[in-house]
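The values are calculated or read from the model by the stated rules, or taken from the named source; none is laboratory data. Here the structure is a predicted model, which is why all the values come from computation and not from measurement. No Cβ is skipped: glycine too gets one built from the backbone with ideal geometry, and neighbour counts run over all protein chains shown. Note: accessible area is taken over every heavy atom of the protein model, side chains too, but ligands, DNA and RNA are not part of it. Shrake-Rupley method; radii C 1.70, N 1.55, O 1.52, S 1.80 Å.
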Amino acid sequence: MTQPGAILQGYNNELVKYIEDLCMQKEELNKQIQQAEEEKNKLQHEIQALNEQLEHVCENLDLKIALRNDLSKILNEAETAYMKILDSSRTLLNVLKKEVGDLKHTPELKSN
């Protein structure tokens, strides 16, 4: 009966060893899971911060685009008005040249 007892003891020792190995693997896996969860939380926090930053940049960009569009409209209107002023100035200059030219050909001016 000692032989079966020794065999049983051998099985028991081997079972204990496998159970201890499984416990160590479980502990190691728990550490890895904890690290992965911490990394996940860190990344989620970074994503949230980046999303907030992106939202701020997009709002700022939208404001700047709207401002640029307003400035373009004002600039176009100013350029158009300036071109009208130039055209009116040219017309006025031509009229004055003609009037002065006509005055030079008036006999009353020539006799004085």
Could you work out what % of the accessible surface of the chain is carbon and sulfur, using a 1.4 angstrom probe and leaving DNA, RNA and ligands out of the count? 61 percent
Rounded to the nearest 500 deg cm²/dmol, what is the calculated helix-only ellipticity per residue at 222 nm for the chain, with -39500 (n - 2.57) per DSSP H run of length n ≥ 4? -36500 deg cm²/dmol
Pull out the extension gain between Ile33 and Leu15, defined as 0.36 nm times the separation in residues minus the alpha carbon to alpha carbon distance; nm, one decimal. 3.8 nm
What accessible area per residue comes out for the chain, rounded to a whole number of Å², with a 1.4 Å probe? 96 Å²
For the Cα atoms of the chain, what angle does the longest principal axis make with the long axis of helix 2-104, in degrees from 0 to 90, nearest 10? 0 degrees
How long is the gain from Glu79 to Glu46 if the chain were fully straight, where each residue apart is worth 0.36 nm and the alpha carbon distance is subtracted? 7.1 nm
Please work out how many pairs of lysine residues in the chain are eight or more positions apart (or on different chains) and have Cα atoms closer than 28 angstrom. 12
Quick check: net charge around His45, other residues with Cβ under 14 Å of its Cβ, Lys/Arg +1 and Asp/Glu -1? -3
Expected-Rg normalisation [2.2 N^0.38 Å, Cα atoms] applied to the chain: 3.56
